[in-house]
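The values are calculated or read from the model by the stated rules, or taken from the named source; none is laboratory data. Source: prediction; values computed, not measured. Here the Cβ is made from the backbone with ideal geometry for all residues, glycine too, and neighbour counts use every protein chain on show. Surface accessibility is based on the protein's heavy atoms, side chains included, excluding ligands, DNA and RNA. Shrake-Rupley method; radii C 1.70, N 1.55, O 1.52, S 1.80 Å.
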Amino acid sequence: MRVVFIGTGEIGVPAMQALVQSSAHQFIGVVTQPDKPVGRDYRIEPPAIKKALAEAKMSILQPARIKDRQSIEEIRALMPDVIAVMAYGQILPRDVLEIPRIACVNLHASLLPRWRGAAPIQAAIAAGDSETGITVIYMDEGLDTGDILLQRKTDILPTDTGGSLHDRLAQIAPEAVLESLRLLAKGDPPRIRQDNALSTYAPKLTRQDGKIDWSEPAEVIERKIRAFNPWPGAFTEIATPGIRKLKIFSAAIVNLNGGAGEVLRSGKEVIIATGRKALLLGEVQMEGKRRMSATEFSRGHASILRTAH
């Protein structure tokens, strides 16, 4: 079959590479986001999908708006049998969904209908889910609402971060996309309607979503710290003088109590009270400084570690 891949983020790179290497299908092109400025120096960088195709000779389309008529006609000209989508970042209009001869499918990083939306990986960890996975759906105009073609599951480990789970799901995606294509090519593939009553939503995250609310229980905060590592990053604010952010990369629950946000111990250990129990901080990073252990940080900042906000 003739296959076009639409995607932007790193999570889609292994799936795309599996399509490139597949002898069972003809990989005819990619649609990804435009190159964008990144970093403090605003250097122009291509998206991860384009970087991964640096040595490949194929059509790479980078429309600013996939809804534009020119973009739609350029995709149509590729004459795909199937379009596979993963982590693209724009909503596909009906005109694009109707282009492929067989189907337009999306690889979503959750066990739909749980965690529709932009941040399913972080949401699953923060909620304390025991498992997640990749769901391949037939795309419609709704937000991750299409019928299910197949699912592949993985356990969420007690040590998983948003980064580690992202990487594991990325490695599950190649088998999921290739099996989906096999089922589509065979004819009469599975098509299971989602139960909308079971749906949950994971909205796009901002940096401010990472601010810790110390009145929450320790287990809730600990999950969020892992879920938001590396993005958007869990942080608290401390007086230095002035207010500066202290990013927290890891923490462990300890059976101590105090006022929410109260620093119970500072020196060899940094322990902060929560709404229930407390957290022993692991690795931290003061705004503008290098990453270090909480113990190392406290040695140089003991005088300002009084209360976290």
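Determine which single condition ASN106 fails, assuming it passes every other condition in (1) outside any strand (DSSP E or B); (2) crowded, with 16+ Cβ neighbours inside 10 Å.
(1)
Can you tell me which of THR154, THR161, THR135, THR145 is out of contact with any strand residue (DSSP E or B) (no Cβ under 9 Å at 6 or more places or on another chain), β-branched (Val, Ile, Thr) and open to solvent by less than 60 Å² (accessible area, probe 1.4 Å)?
THR161
Quick grid of which residues meet (1) under 25 Å from the mean Cα position of the chain (by Cα); (2) under 30 Å from THR132 (Cα atoms); (3) free of Cβ contacts under 8 Å to residues at least 12 places away in the same chain:
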site: ALA251; (1), (2), (3): yes, yes, no
site: ARG276; (1), (2), (3): no, yes, no
site: GLU287; (1), (2), (3): yes, no, no
site: ALA294; (1), (2), (3): no, no, no
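It is to be established whether one or more residues within region 62-71 are surrounded by 20 or more Cβ atoms within 10 Å (Cβ to Cβ), within 24 Å of the chain's Cα centre (by Cα) and aliphatic (A, V, I, L, M).
There is at least one residue in region 62-71 that is surrounded by 20 or more Cβ atoms within 10 Å (Cβ to Cβ), within 24 Å of the chain's Cα centre (by Cα) and aliphatic (A, V, I, L, M).
Within region 270-279, does at least one residue satisfy the condition of being surrounded by fewer than 23 Cβ atoms within 10 Å (Cβ to Cβ), at pLDDT below 95 and either among the hydroxyl-bearing types (Ser, Thr, Tyr) or under 18 Å from GLY300 (Cβ atoms) (or both)?
Yes, region 270-279 contains at least one residue that is surrounded by fewer than 23 Cβ atoms within 10 Å (Cβ to Cβ), at pLDDT below 95 and either among the hydroxyl-bearing types (Ser, Thr, Tyr) or under 18 Å from GLY300 (Cβ atoms) (or both).
Which one is farthest from the chain's Cα centre (by Cα), of the residues in region 175-220 that are part of a loop (DSSP other than H, G, I, E, B) and hydrophobic (A, V, I, L, M, F, W, C)?
Here the residue is TRP214.
Return a yes/no flag: does region 237-250 have any residue that is open to solvent by less than 30 Å² (accessible area, probe 1.4 Å), part of a loop (DSSP other than H, G, I, E, B), touching a strand residue (DSSP E or B) at 6+ places or on another chain (Cβ under 9 Å) and modelled with pLDDT of 95 or more.
Scanning region 237-250 turns up at least one residue that is open to solvent by less than 30 Å² (accessible area, probe 1.4 Å), part of a loop (DSSP other than H, G, I, E, B), touching a strand residue (DSSP E or B) at 6+ places or on another chain (Cβ under 9 Å) and modelled with pLDDT of 95 or more.
Being outside any strand (DSSP E or B) and small (Gly, Ala, Ser) narrows it down to one of ALA84, ALA18, so name that one.
Only one candidate passes the filter, namely ALA18.
So which residues in region 28-63 are hydrophobic (A, V, I, L, M, F, W, C) and assigned to a strand (DSSP E or B)?
Scanning region 28-63 gives ILE28, VAL30, VAL31, VAL38, ILE44, ILE60, LEU61.
Give the number of residues within region 9-55 that are within 18 Å of the chain's Cα centre (by Cα) and either of a type in the set (A, V, I, L, M, F, W, C) or open to solvent by less than 30 Å² (accessible area, probe 1.4 Å) (or both).
The number of residues fulfilling the criteria is 12.
Somewhere in region 227-235, is a residue touching a helix residue (DSSP H, G or I) at 6+ places or on another chain (Cβ under 9 Å) and part of a strand (DSSP E or B)?
yes
Looking at the structure I just gave you, is ALA234 open to solvent by less than 40 Å² (accessible area, probe 1.4 Å) and at pLDDT 95 or above?
yes
Just to be sure I understand the filter: pairs with C-beta atoms under 7 Å, separated by 6 or more residues or on different chains, first member in region 20-34 and within 13 Å of ALA56 (Cβ to Cβ) and touching a residue at least 24 places away in the same chain (Cβ under 8 Å), second member among the polar types (S, T, N, Q) and in a loop (DSSP other than H, G, I, E, B). Which pairs pass?
Qualifying pairs under 7 Å: THR32/THR8; THR32/GLN62.
Please determine whether any residue of region 167-176 is touching a Lys or Arg at 6+ places or on another chain (Cβ under 7 Å), closer than 20 Å to ALA127 by Cα, surrounded by 17 or more Cβ atoms within 10 Å (Cβ to Cβ) and of a type outside the set (Gly, Ala, Ser).
The answer is no, given that none of the residues of region 167-176 is touching a Lys or Arg at 6+ places or on another chain (Cβ under 7 Å), closer than 20 Å to ALA127 by Cα, surrounded by 17 or more Cβ atoms within 10 Å (Cβ to Cβ) and of a type outside the set (Gly, Ala, Ser).
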